[in-house]
Amino acid sequence: MKTIYMDNNATTKISKEVMGAMLPCMFRFYGNPSSSYAIGAEVSQKIEEARSQVADLIGAEPEEIIFTSGGTESDNTAIRSAISLKPDKKTIVTSSVEHPAIRALCSYLGKNGYRIIEIPVNKHGELDIEKYRKSLNEDTAIASLMWANNETGVLFPVEIAAEMAREKGILFHTDAVQAAGKIKINLKNTAIDMLSLSGHKIHGPKGTGVLYVRSGTPFYPMMLGGHQERGRRAGTENTPGIIGLGKASELAAFHLKENSFRIRTMRNRLEKGIIESVPGAVINGYNAPRLPNTSNISFGNIDGESVLLMLDEIGIAVSTGSACSAGSPDPSHVLLAMGLSPLKAKSSVRFSLGIDNTAEDVDLVLEHIPGIIEQLRSISPLRGVEQKAA
Ligand code: PLP
C-alpha cells in the first residue's frame, strides 16, 4: 500500500540530495573538525559551507548561525541565554499557542520565580498585538513568539513584534521551526535578535537545528565545554547532520517559490473539497495569514483520533495536532486558545502537505474523507452533545 504522507509539520522525509551530501561524511570526511591536520580541516571547511547555506535561507550572515541538535535546543538556548544575562529581569513574554519547546520551559520558569505573560490569540489564531505591545516593560528579559503555528499554520507578525521589543530595549526571539523553508525569511532588515529552526522540518536530518543570533546580540551558551561554534555551543559537531542541514537549506531556498505555489494550490483544493463535501467542517485559522501547506479542520462531534486511524488504514498519514502531544487525551491548547470548545478541538485533524504530495494524493483524501466522517458521525456517542451544551 502506498503511503500518502500529509504530516509534514511533524517531520519530513530526507531528500535524496541531502542523503547524498551526508553519506561521504560517515566514512570519508570522518575527521574531527577541531583537529588541525588535513582530514579535520576539510570537514571544518564543509561545516562552514553548510553555515553559509543556512544563512542564505534566512538572510543572515554565516557567523550568526549556531548549529544545535534541533528546534527544541535552539528555543531553550535562546530563552536561557536571555535570562542568564539579565538576572534582574523576571518577566518573559510569549503567546498562548507556542510549541511545547517554549511552553514547557516557560512553565518550569514560571514555577521558579519568573512571571510568564502569554499573549492571547483571537478566534482566527491571530496574536493580540496591542496586548503584546502593552505587556513589554522594564522587567521583560525576553519576548519569544513563534513565526508560524505548527498546528494551524497561522503566521504571527514577528517582524512588527520584534520592532516593538527593540524600541523598549528587549531581546526578541522567534521560533521559526515551521516557517523556515515554507515562507521567505530575510532577517537583514528586521529587529529579530534570535531565531530557531530545525533540520527535519525541511527535508534535512533529525537531531539538527540552528539558533540564529544577530551579530552584537548578547549571548550566553547553554552547552558549556569545548570551543566549538566559537564557544557558543560546546560539543563535537554532528558533521553529517550539519552538512545535511546545509544542503536541505540550499534546496529549500532554491525551490521556495515554486514549492510554496504548488503546495498552496493543492492545500486550497483539499480545503475546498472538504468544505463542499462535509457539512459542518470548519477550517481553523482560515481567515488569518497562514503557511501554504497547513490545514487544520474541525469536524464537529467526532474524535479526530478516529479520523486519523481510519485514514491510516488506507495509507494516509495525518495528525490531530502537534507530534509532541500525540496520544495525549487533552484537547489542543492552540485550538482552545482560539476559543474552540474542548469537543470541537478534539474533533480536529491537521493535514500538512509537502513537496512529495501530488494532485492524486489530494483526490484520494477527498474521495475518502466524506465517507469516514459520515460513518464516525453516525456512531458517535457525542451526537448532539455540543448543540445541547450550547
Ligand atoms: N517549534 C515548533 C514550532 C515545532 O513545530 C517543533 C517541532 O515540531 C519544534 C519547535 C521542535 O523542534 P525539534 O523537533 O527539532 O526539536
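For this structure, a couple of remarks:
- Meets criteria (open to solvent by less than 10 Å² (accessible area, probe 1.4 Å), out of contact with any helix residue (DSSP H, G or I) (no Cβ under 8 Å at 6 or more places or on another chain), closer than 16 Å to residue 131 by Cα and within 16 Å of the ligand (Cβ to nearest atom)) for residue 154: no
- Residues that are in contact (Cβ under 8 Å) with a residue 40 or more places away in the chain, in a strand (DSSP E or B) and within 15 Å of the ligand (Cβ to nearest atom) do occur in segment 117-132, at least one of them.
- Residues of segment 1-38 that turn out to be of a type in the set (A, V, I, L, M), open to solvent by 80 Å² or more (accessible area, probe 1.4 Å) and touching a helix residue (DSSP H, G or I) at 6+ places or on another chain (Cβ under 7 Å), as a count: 1
- Restricting attention to segment 332-373, the residues that are in a helix (DSSP H, G or I) and touching a residue at least 12 places away in the same chain (Cβ under 8 Å) total 19.
- Criterion violated by residue 52 - all others in (1) at pLDDT 95 or above; (2) open to solvent by less than 20 Å² (accessible area, probe 1.4 Å) satisfied: (2)
- Residue check for residue 264: open to solvent by 70 Å² or more (accessible area, probe 1.4 Å) and under 21 Å from the mean Cα position of the chain (by Cα): yes
- Checking each residue in segment 268-296 for being assigned to a helix (DSSP H, G or I) and open to solvent by 20 Å² or more (accessible area, probe 1.4 Å) picks out 268, 269, 272, 275, 276, 277.
- Cβ-Cβ under 9 Å pairs, at least 6 apart or on other chains, segment 99-113 side basic (Lys, Arg), far side open to solvent by 60 Å² or more (accessible area, probe 1.4 Å) and more than 10 Å from the ligand (Cβ to nearest atom): 103/118
- Filtered residue count, segment 193-232, keeping only those that are closer than 14 Å to residue 75 by Cα, out of contact with any Phe, Trp or Tyr (no Cβ under 7 Å at 6 or more places or on another chain) and either away from the ligand (no atom under 13 Å from the Cβ) or among the charged types (D, E, K, R) (or both): 6
- The lone exception for residue 300 - which of (1) in contact (Cβ under 8 Å) with a residue 40 or more places away in the chain; (2) open to solvent by less than 40 Å² (accessible area, probe 1.4 Å); (3) on the phi < 0 side of the Ramachandran plot; (4) touching a helix residue (DSSP H, G or I) at 6+ places or on another chain (Cβ under 8 Å) it fails: (3)
- So residue 50, is it under 22 Å from residue 188 (Cα atoms), more than 16 Å from the ligand (Cβ to nearest atom) and not in a loop (DSSP other than H, G, I, E, B): yes
- Complete set of residues in segment 69-87 that are among the hydroxyl-bearing types (Ser, Thr, Tyr), within 12 Å of the ligand (Cβ to nearest atom) and either over 21 Å from the mean Cα position of the chain (by Cα) or not in a helix (DSSP H, G or I) (or both): 69
- Residue match in segment 129-144 (condition: touching an Asp or Glu at 6+ places or on another chain (Cβ under 8 Å), farther than 18 Å from residue 285 by Cβ and open to solvent by less than 50 Å² (accessible area, probe 1.4 Å)): yes
- Residue in segment 191-214 that is under 25 Å from residue 346 (Cα atoms) and crowded, with 16+ Cβ neighbours inside 10 Å present: yes
- Which listed residue, of 207, 225, 235, is assigned to a loop (DSSP other than H, G, I, E, B), at positive phi and without any contact (Cβ under 8 Å) to a residue 12 or more places away in the chain: 225
The values are calculated or read from the model by the stated rules, or taken from the named source; none is laboratory data. The shown structure was predicted, so the numbers you read here are calculated from the model rather than taken from an experiment. Glycine gets a Cβ as well: all are built from the backbone with ideal geometry, and neighbour counts include every protein chain shown. Accessible surface is based on the protein model in full, side chains and every heavy atom, while ligands, DNA and RNA are left aside. Shrake-Rupley method; radii C 1.70, N 1.55, O 1.52, S 1.80 Å.
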